[in-house]
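Colleague: There's a structure below that I have some questions on.
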Amino acid sequence: MHAKQQSIIAIAALTTKGDLPQLQRELNTGLDSGLTINEIKEVMVHLTAYNGFPRSLQGLNTFIAVLEERKAKGIKDKLGREATPVKNTTGKYEQGKRVLETLTGQAEREPKTGYAAFAPVIDTFLKEHLFADIFGRDVLTYTEREFATLSALITLGGVEPMMRGHMNIVMHLGVTEAELQQMLSLLEAKLGKAAADAGRRVLSTVKSTAVQPGSRVTSGNDGLFAKGVQAPANNFTGTAWVNMVVQAQDGLNCSIGTVTFEPGARTAWHRHPGGQILLVTEGVGYYQEKGQPIRIMQKGDVMKCLPGTEHWHGASPDSQVSHIAIGPNTDKGGAVWLQKVTDSEYKSYKKQDKYADH
Ligand code: MN
């Protein structure tokens with residue numbers, strides 16, 4: 001975990017706890033480790049959604065004092081960039097819903113249940129204020145925001161379902177279980193063992209669904225890369241294998257994985273907030289974007305899928321297919337999974353389409 005991420009976690013915990021003397025020290029550490037003034041401000045703004053305005057305002061007041069003291073000592077801190085104004089094309093509720101779907105990788109389902117059905121206005125505030133207004137500000141990445149959130153939740157205590165939800169989100173964003181363990185050790189030093197142990201109990205119930213890099217589970221690898229591990233059944237139909245060779249947290253703002261589909265296997269409908277490029281390395285498969293006919297993809301083809309385009313890909317009924325999937329712009333979030341591709345959708349391929357495509 002980077003020093004910057006560690007500082008965000010510590011600053012979030014101490015702001016939420018209201019431990020201002022320790023926060024003061026941690027703000028100095030954060031600035032020294034490369035956080036900009038605007039990034040730290042943004043952590044405090046973000047936290048209003050979790051710890052309320054009073055704690056955040058106290059945090060900001062402490063930060064002002066720290067900056068003045070450093071200035072008096074002749075330290076020049078970096079202001080950093082401001083948030084890019086958010087373009088609002090779909091309405092705030094829809095925009096917030098999209099952000100939440102990107103974070104969880106799951107489509108938001110209707111009708112609403114639980115608290116959202118009981119008090120619809122809080123669902124509106126969550127989507128519009130938290131996920132559109134706050135998460136929409138690009139001063140911090142989604143992963144940085146989620147580290148701040150989890151840290152605040154662990155500090156608050158007694159909010160296990162929310163902790164679990166956000167642990168699932170950070171893992172979907174590419175954070176590993178080992179990094180979460182590291183976060184909990186860090187928080188143990190700031191908050192004590194009881195708070196960290198409560199987080200550890202929740203973490204033990206969260207199963208990582210991320211495919212870890214370098215997994216070499218299968219034999220019979222006659223391709224360039226190992227076939228990897230079996231793709232999760234909730235997002236795939238039939239048998240497919242995934243080997244993630246580059247992951248979001250590798251710091252290249254991109255992910256690369258190989259996917260091998262047995263005949264008839266395919267992904268569910270989904271979209272990639274950062275887009276996707278498929279390099280077909282073996283076999284014959286299908287590729288379809290919403291509202292378009294199924295296209296054949298075969299060895300040597302390159303399929304370019306623009307950000308946010310709903311689509312699916314997989315093998316043809318009679319042949320397996322392998323492709324290298326490149327996910328650019330992973331800072332925009334991981335795949336958002338939608339409904340399965342039905343048999344009738346899958347069988348809608350018409351031979352003549354093949355010639356129209358090439
Ligand atoms: Mn895709």
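Colleague: Work out how much length Gln106 to Val229 would gain on full extension: take 0.36 nm times their residue separation and subtract the Cα-Cα distance, in nm to one decimal.
Modeller: Roughly 42.2 nm would be gained on extension.
Colleague: Here is a follow-up. Using a Förster distance of 51 Å, how high is the FRET efficiency between Glu262 and Arg25, based on the Cβ-Cβ distance and rounded to 0.05?
Modeller: 0.35
Colleague: Pairs Lys76/Lys193; Lys4/Lys73; Lys92/Lys190; Lys87/Lys340; Lys304/Lys340; Lys71/Lys193: which are spaced more than 27 Å apart, C-alpha to C-alpha?
Modeller: Violating the 27 Å limit, Cα to Cα: Lys76/Lys193; Lys92/Lys190; Lys87/Lys340; Lys71/Lys193.
Colleague: Per the 1.4 Å probe, what fraction of the accessible area of the chain, in percent, lies on carbon and sulfur atoms?
Modeller: The nonpolar share, carbon plus sulfur, comes to 56 percent.
Colleague: Okay, moving on. Using only alpha carbon pairs under 8 Å that are at least six residues apart, calculate the relative contact order of the chain and give it in whole percent.
Modeller: Taking the mean separation of contacting Cα pairs over the length of the chain, I get 15 percent.
Colleague: Give me the net charge of Leu153's neighbourhood, meaning all other residues with Cβ under 12 Å from the Cβ of Leu153; Lys, Arg count +1, Asp, Glu -1.
Modeller: With Lys, Arg at +1 and Asp, Glu at -1, the net is -1.
Colleague: Please compute the length gained on full extension between Thr205 and Glu160, using 0.36 nm multiplied by the number of residues separating them and subtracting their Cα-Cα distance.
Modeller: 15.1 nm
Colleague: Another question, then. Compactness ratio of the stretch 218-357: Cα Rg over 2.2 N^0.38 Å, N = residue count?
Modeller: Normalised by 2.2 N^0.38 Å, the Cα Rg of the stretch 218-357 equals 0.98.
Colleague: Relative to a virtual label point 7 Å from the Cα of Leu67 in the Cα→beta-carbon direction, which members of the stretch 22-46 show backbone nitrogen distances below 18 Å?
Modeller: Hits in the stretch 22-46 for Leu67 at 18 Å: 23-46.
Colleague: Return the tail of the calculated pair distribution for the stretch 86-136, meaning the percent of Cα-Cα pairs more than 19 Å apart.
Modeller: That tail contains 20 percent of the Cα-Cα pairs.
Colleague: For Met1 paired with Lys299, estimate the spin-label separation in nm (one decimal), with each label point 7 Å from Cα along the Cα-to-Cβ line.
Modeller: 4.6
Colleague: Moving to a separate point now. Do me a favour and compute the ellipsoid semi-axes for the chain from its Cα gyration tensor, root of five times each eigenvalue, largest one first, whole Å.
Modeller: 42, 21, 19
Colleague: What is the spin-label model distance, in nm, from Val246 to Tyr93 if the labels are put 7 Å beyond Cα along the C-beta direction?
Modeller: Placing both labels 7 Å along Cα→Cβ, they lie 4.0 nm apart.
The values are calculated or read from the model by the stated rules, or taken from the named source; none is laboratory data. Note that the structure is a prediction, hence the values are computed from the model and not measured. Here the Cβ is made from the backbone with ideal geometry for all residues, glycine too, and neighbour counts use every protein chain on show. Just the protein is used for accessible areas: all its heavy atoms, side chains included, with ligands, DNA and RNA removed. Shrake-Rupley method; radii C 1.70, N 1.55, O 1.52, S 1.80 Å.
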